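This report refers to the structure that appears directly beneath it.
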Amino acid sequence: MLNNALYRLEPQAGETIDRAQTFTFTFEGRAVIAHPGDTIASALAAAGVHVISRSFKYHRPRGVMCMAGHCPNCLVQVGDEPNVRACQTPAEPDMVVKPQNVWPSLKKDAMAFTGLFSRFMPVGFYYKTFIRPQAMWPLFERILRRIAGLGKVNPATPPDRYDKQYLHTDVAVVGGGPAGLSAALAAAEQGATVSLFDENPQPGGHWRYALPAPDDGPLPDLAAQAEAHPGITVYPETTVLSCYEDNWLSARRGNRLFKIRAGAVIFATGAYDRPLIFDNDELPGVRFGGAAQRLLRLYGVQPGKRAIVVTANDGGWRIAAGLQAAGVSVVAVVDERPESEAGAVSHVLQADARVFWRHTIRAARGAGAVEGADIAPLDAQVRPQFIAGDLIVINIGLTPANGLLYQAQTKISYNEDRAEFLPETLPAGVFAAGRVAGSHAGATELAEGRLAGRQAAAFLGLAPAPPSAEITALAGQKAAGPKRSSARVDVPGSQKRFVCFCEDVTDKDLETAIAEGFDSIELLKRYSTISMGPCQGKMCAANTIHLCARHTGQSVAQTGTTTARPPLAPVSLGVLAGQNMEPVKRTALDAWHRANGAGMMVAGLWMRPEHYGNPPAEVQAVRERVGLIDVSTLGKLQLTGPGAPDFLDRIYVNKWQKLGVGRVRYGVMCNDEGVVMNDGVTARLSETTWYTTTTSSGAGAIFEWMQWWLQSGWGGEVHVTNISEVNAAFNLAGPRARAVLQKLTDADLLNEAFPYMHVRHLTLAGVACMVMRIGFTGELSYEIHCPTGAAHYVWERLLDAGRDFGIAPFGVEAQRILRLEKAHIIVGQDTDALSDPISADMAWAVKLDKADFLGQRPLRQVAQDGPAQRLVGFTMARPGLVPDEGLQIVRPTAAGPEIIGWVTSSRHSPTLNQTIGLCWLPAPLAGQPGATFTIRMNGKLEEARVHHGPFYDPQGDRLRI
Amino acid sequence: MTELYKQTPLHAIAAQAGAQFTDVDGWQLSQRFSAVEAETAAARAAVALTDLSANGKITIEGHQLEALTAAVWQATAPAVGAGAAADKAYLWRLRPDHLLVTTAPEDVVATLTRLNRAAAALDGLLTITDLTHGRSELWLVGPASAEVLGRLCGLNFGPAAFPNLAVRQSSVAKTAQIILRRDIGQTPAFALLGAASLGAYLWETVMQAGQDVGLAPLGRQAVLGL
C-alpha cells in the first residue's frame, strides 16, 4: 500500500477533503489511500506518485501538470473507461486505475525506445513514410493503430445511462470565479433568472486556491451569496462545451448534456496557465503555479519537497510564499523581470531561498522525474547553473480561456502590452468579464463582473444600461493593472521541448513543418495536429502562434489564431447521444400477438406479427376456412365537406365524383411526376364524409401531402383529419368469413345486401364498427374498423365466433403470399421512385380524361409513348426455386449478361405449389405471356416465364361469393 | 357473452407494472400501482406519471369556433396557445381554426352530441372528430414534472413561458405531442397527447428520463385525491 502521508499536509483552510474518512483504490495494482474529496491525482500526489501515465508518441513519463483538467498529462484508464483525467476525477473506493500508453508497466515501458528515434519521426513522418509500398499499408495501419491511440475501449462494457436536459434562462454565466459570481449576482439583483455554470465542484475560481494579492483585501464569499440567491441556479462540475448562434450553449455534467437557451451570456471563463517551452518541459515534477496551489489549498498536499519557482509576475512570488508556508523548501525563485519591475516581493522568502532576476529556466533535469533545473540569465550567453529540486513551478503567464468567445463570434485581437489575446468587440447579448477579458486584479475582476451582469440585465430590458463613464473608468483601471503574462514563450535549448503535450509535438517539429510550407497557422495546425488532441489547444495554441509568427517573420497579430470549434473539451459519444429514444409503434393488440406466439417484425416504426409459427398453414386457413389479421397499422384519413370529391379527383389518378354513398373504390395516388406514391381504398360514408386508407408506412406522409395541397389552393370546403389511430382494423378473410361475422351481428350480410366493394356501419358484439368488403387476399373478406380502445374486445369476439369455423390468426408473411397469388402490388416494394401506374399494370385506374390531377401530364406522355418497362408476374421453370427479391433479370449477350429488369416480389405459393412473383421487364418482353427470361441467382441464370394477371382465381369469383 | 370493455394503449404496461384496474364507462383504467398514499406523496414531492388516455379528446376544425363555443358553452374560445374550462370540458385552442376539447371519459358522448347539434345550426364547414381512441394521454404530475419534460422536449416549461392552462404542440421524445398544462390544485401537471400507438413507447421513455428524480406510476385513485 502506498503511504499517503508522505506529502499530505496538516489541514488547510478551504480544503475539499474529508480527513475523517479514508478508503483505498488501486493504481497499477497497488493500493492507494484517499479521502473523500480527493481526486485520483491528489491522492497519488499525496502518496508521492508523480508519474501517472506516458505520452502518446514517445511514451515519455508524464505527471500532473495543470491540476485543472486542461492538459493531457494525467489521462488514465479507470475500469473500462479510458482517457479519464486523474486531476478532475474524484477518487472512489475500490476504483481500479491504470496508467495509459504503457506496456508492460509504467516504470518499464517497452515503447519508450521510440524516443531514441525521434529524429527520424518528425511531424508528418507517417504521412510520408508508410504510403509506399501501397500494398503494405494494411499492415502498417494495423501496427500503427496498435501503437498509437489513447487508452483501450472494452467493447463488452455495458452502456451507461445518459440523458439530455434543456435549460432556459435569462442570463447564462459561464465560469464561477470572482467575475462570474459577481456577474451572476448583479444580473439576478436586476430581476434576471441566472444559470451559472462552473466546471469545478464548487464555484469560487482561483479564489478557492490562490493566495490573494495584498491589494485585494478580504475576499467576499460570493459563492455562498450566489447559492443563496433565489434567482441564481448554480451548476457545478458542468463544462460548457460550445456556443452557437442566438446564445445557444451546450454543456456537460457527468453523463448529462445540457442544451441551454439564454437571453444573454456572460463569459467569465478565466484563464489557463501558460506553459514555457524549454528542454524537458514536461518532465514529471514540472507543474504550473495553479497546480501547485490547488494541491496545497484544496487537497492539503505538498506538490514537492524542494521547489524552483519560475515566474514573470508577482503572482509567482505569492506562490513561493505559499509553498514555504506549507513546509516546501523554496530553493530558488527565477524571475525574468528586472528587480525594478517587480513589486515588494522578495521579502516573502526565507533567507536561504536564492533569487535570480532576469533569469529563466533552460532545462528540467532528471531521470523520469525532476531532480533539478538549469537556470540561465536572459541576456548573457553563459553556462547555465544547475539547481537541485524535485518541483519546478512554472508561472510565467496566463492564456485567456476565450474559446467560447470565439465561437460566439467575438472579435479578439492580440494585445502587445498584455501579451494576451483579448476580446475587442462583443456581439449583442454577449459579455465578458474577469481574466478572460484581461482583468488581472481581484477588485477589477469583481467590478467587471458586476458591470457585465448589469449590462446583460439591461440587454434583456430588465434594467437601465450602466453609464458609459463607468465602462470607460473600468477600462482604464484594467490597463493600469499589473501585467501578468510574459511575451516570451520559449527559451533556447538542445533537447526535446514540447509545444503540444497531447501528441508530443516539439518546437522543432513546428519549425520543420513551417519550412515545408505549412506556414499559415491553420495549415500548421492540420499538418502537425497541434491543438487537435485532448487539451484542444489549451496548452499549445497560444505558444504555436508565437512560434509560427517568429518563423514566418510576421507579428502575432498578423499570424492570427486557429478556429476554436466545439466541443471545447472532450466529450463522450454517449453524452452526445443522450437517452436512447427510438419511437416504436404498437397496435392495440401488440400484447395479444406476443402472448399468442407471434414472431414480431419491424415495419417502419410499427411492430407487426410476421407470423404465428407457420405462414403456409396460415395461408391455407384463409384459402380454405377463415383467417384474421391485424391491419390496424393502415393509415386512415377522414375527408369531410362538399369539396371532398373534387379534392380526391386531384389527388388520385382515379375518378371519385360518381362513387355512391356506401361504395368503396381502390385508388392510386401519384406525385406530380406521375410516380406512384401510395394506394388504398376510399369509402364514401355519406354525401360529405369520405374515409380513405393508406399504406401503413405512408399514413403520416400522405396526411401531410394532402394538407400541403389543401393549403396550396385546393382546399375549398374540405377538411382532412388523420384518424389513423382512432380505429383499429382487422381483415377477416376466407370462404367462411361471412358466417363468422354473422355470429356477431343481426345485419344482413348476404351479397345482395352487402356486396363486394361496399361499406356498411355494423354493430359487432355491441361495438359500432365500419366494415368494408374488400379483398387484398383474394377471398371473401371484411375489413373491420372499430374504435381502438375496443380492439382487444372485438378481436377476441371474432376469434370466439370463428372457433367453430376453424379460424386462425395470420401474419404479414401469409398476407404477402396471399396478395402475391392475386398479383396485387405493394407500393414501395413492387414500385420505386420511377414507377408510374401505367407501367405498373394499373392503367385501368388512370383517368386521363378528367380535369387536372397530380401526375396527369407525365402520365399522358407515358400513355402516348407506351411504357419502356412493365411490372408483370412470373413463374419459375425449375420447381422449388425461389429467387430473392431484388435479383437482376439479365439477357445473355456476347459482351456478357445485360441487366434488363429485376425481381420485386417472389414467394413459393402453397396454394399453387409453385414459385410466383412480380418483376419489371422491358415492355415488349413483358407483353408476351409465357415468354421466357433469365434471373441471375448465385451466379447462375435460371429460367422464368411471363405471367399475366392473378395467379389465383383470375376472375375474382371468390371475392364475390 | 363477455361484457364490452375498452383498454387504453398503456393497458399492457400497466398490467405488467402490477396495476389494479377499475371500470369507468367501459374503460379498464389503472386504479393504483401501489399504496394510494404513497403514490399521492410521490406526486406531491417529486413527480409521477399517470395514464389518462380514456379522457375524451374531440377536435373541431373550422372558422366558426367562436359561434360554436358560444352556442355550446356560452363561452368565448380561448386564444391560440391557451386553454379554458367550460362546464365539464376544457377547451384548448391549437390554431385560429382548430380547437381541442378534453373531457372526462364519461362525458365524451354527451359533449359530442351537444357539439354536433350546435354545429348543424351553424353555416360553414365545421368538422368535429372524436379522437379519444386515437390518442394516448399521459400526465406528468408534480413539482419535478417540468424538469423531466425538459429532458425530452426543447420547449421552456417554466411557469412564465408555459403557465397553467397553456397548450403547445411539439416533439417530445421524438414523437409529435400536444402538451397541455393543467395543474391539479397547486401541483403542476402536464398532459401529453400523442398517437395511441406510441403511448407505450412514450411511457417507457418518460419513466426512464425521470428515473433519477424518483418518477413513479400514479393510479387514477391517487390522481382524484390530489
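Below are the figures for this structure:
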| quantity | calculated |
| --- | --- |
| Which numbered condition A:Val718 misses (of (1) touching a strand residue (DSSP E or B) at 6+ places or on another chain (Cβ under 9 Å); (2) not assigned by TED's automatic domain parsing to the domain that holds A:Ser696) | (2) |
| Any hit, the range B:90-107, residues being buried (at least 21 other Cβ atoms within 10 Å of the Cβ), part of a helix (DSSP H, G or I) and aromatic (Phe, Trp, Tyr) | no |
| B:Gly56 being within 14 Å of another protein chain (Cβ to nearest Cβ) and surrounded by fewer than 16 Cβ atoms within 10 Å (Cβ to Cβ) | no |
| Failed criterion for A:Leu639 (all others in (1) more than 14 Å from chain B (Cβ to nearest Cβ); (2) crowded, with 21+ Cβ neighbours inside 10 Å hold) | (1) |
| Extreme residue, nearest to A:Asn313 (Cα to Cα), among residues of the range A:348-398 that are buried (at least 18 other Cβ atoms within 10 Å of the Cβ) and of a type in the set (D, E, K, R) | A:Arg362 |
| Tally of residues being in a loop (DSSP other than H, G, I, E, B) and more than 10 Å from chain B (Cβ to nearest Cβ) across the range A:683-729 | 8 |
| Count of residues meeting criterion [surrounded by fewer than 24 Cβ atoms within 10 Å (Cβ to Cβ) and touching a helix residue (DSSP H, G or I) at 6+ places or on another chain (Cβ under 9 Å)] in the range A:61-75 | 1 |
| Residue in the range B:141-175 that is nearest to the other protein chains (Cβ to nearest Cβ), counting only those that are touching a residue at least 40 places away in the same chain (Cβ under 8 Å) and of a type in the set (Gly, Ala, Ser) | B:Ala146 |
| Residue within the range A:42-52 that is touching a residue at least 12 places away in the same chain (Cβ under 8 Å), in contact with a strand residue (DSSP E or B) (Cβ under 8 Å, 6 or more places away or on another chain) and farther than 20 Å from A:Lys305 by Cβ present | no |
| Residue tally, condition among the polar types (S, T, N, Q), part of a loop (DSSP other than H, G, I, E, B) and in contact with a strand residue (DSSP E or B) (Cβ under 7 Å, 6 or more places away or on another chain), over the range A:269-312 | 2 |
| Top-ranked residue in the range A:226-240 [being of a type outside the set (Asp, Glu) and closer than 19 Å to A:Gly270 by Cβ; ranked as surrounded by the fewest Cβ atoms within 10 Å (Cβ to Cβ)] | A:Pro236 |
| Residue count, the range B:42-76 (criterion: touching a Lys or Arg at 6+ places or on another chain (Cβ under 6 Å) and more than 30 Å from B:Arg32 (Cβ to Cβ)) | 1 |
| Any hit, the range A:664-672, residues being polar (S, T, N, Q), surrounded by fewer than 20 Cβ atoms within 10 Å (Cβ to Cβ) and assigned to a loop (DSSP other than H, G, I, E, B) | yes |
| Elements of type strands (runs of 3 or more DSSP E) in the range A:329-442, at least 1 residues being under 30 Å from A:Ala184 (Cα atoms) | A:391-395, A:398-400, A:411-415, A:420-425, A:430-432 |
| Checking B:Ala200 against (1) in contact with an Asp or Glu (Cβ under 7 Å, 6 or more places away or on another chain); (2) among the hydrophobic types (A, V, I, L, M, F, W, C); (3) within 7 Å of chain A (Cβ to nearest Cβ), the condition it does not meet | (1) |
| Lone qualifier among A:Ala463, A:Ala441 - being surrounded by fewer than 22 Cβ atoms within 10 Å (Cβ to Cβ) and modelled with pLDDT under 95 | A:Ala441 |
| Matching residues in the range A:223-265 - criterion: being out of contact with any strand residue (DSSP E or B) (no Cβ under 7 Å at 6 or more places or on another chain) and within 16 Å of A:Gln407 (Cα to Cα) | A:Tyr244, A:Glu245, A:Asp246 |
| Residue match in the range A:921-936 (condition: among the hydroxyl-bearing types (Ser, Thr, Tyr) and under 28 Å from A:Ala868 (Cβ atoms)) | yes |
| Out of B:Pro188, B:Pro159, sole residue that is assigned by TED's automatic domain parsing to the domain that holds B:Ser30 and surrounded by fewer than 17 Cβ atoms within 10 Å (Cβ to Cβ) | B:Pro159 |
| Number of positions in the range B:12-48 that are part of a strand (DSSP E or B) and either under 30 Å from A:Gly715 (Cα atoms) or touching a Pro at 6+ places or on another chain (Cβ under 6 Å) (or both) | 2 |
| Residue selected from the range A:584-609 under the condition over 17 Å from B:Ala195 (Cβ atoms) and in a loop (DSSP other than H, G, I, E, B), by the criterion farthest from the other protein chains (Cβ to nearest Cβ) | A:Gly597 |
| Any helices (runs of 4 or more DSSP H) falling wholly within the range A:498-568 and containing at least 2 residues that are without any contact (Cβ under 8 Å) to a residue 12 or more places away in the chain | A:521-528, A:541-552 |
| Every pair of residues 6+ apart whose Cβ atoms lie under 8 Å, when the first sits in the range B:12-26 and is loosely packed, with under 15 Cβ neighbours inside 10 Å while the second is in a helix (DSSP H, G or I) and of a type in the set (Asp, Glu) | B:Asp25/B:Glu106 |
| Filter pass, A:Phe27 being under 30 Å from A:Phe120 (Cβ atoms) and in the same structural domain as A:Val84 (by TED's automatic domain parsing) | no |
| From the options A:Pro284, A:Pro275, A:Pro303, residue that is over 34 Å from the mean Cα position of the chain (by Cα) and over 24 Å from A:Pro36 (Cα atoms) | A:Pro284 |
| Any hit, the range A:779-801, residues being within 25 Å of A:Trp705 (Cβ to Cβ) and more than 12 Å from chain B (Cβ to nearest Cβ) | yes |
| Filtered residues of the range A:646-663 (kept if part of a strand (DSSP E or B) and under 18 Å from A:Ala851 (Cβ atoms)) | A:Tyr652 |
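Okay, residues lined up against (1) surrounded by 14 or more Cβ atoms within 10 Å (Cβ to Cβ); (2) modelled with pLDDT of 95 or more:
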residue: A:Met1; (1), (2): no, no
residue: A:Ala5; (1), (2): no, no
residue: A:Leu9; (1), (2): yes, yes
residue: A:Asp18; (1), (2): no, yes
residue: A:Phe27; (1), (2): yes, yes
residue: A:His35; (1), (2): yes, yes
residue: A:Ile40; (1), (2): yes, yes
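The values are calculated or read from the model by the stated rules, or taken from the named source; none is laboratory data. Since this is a predicted model, take the numbers as computed values, not measurements. FYI the Cβ positions are ideal-geometry reconstructions off the backbone, even for glycines, and counts take in every protein chain you see.
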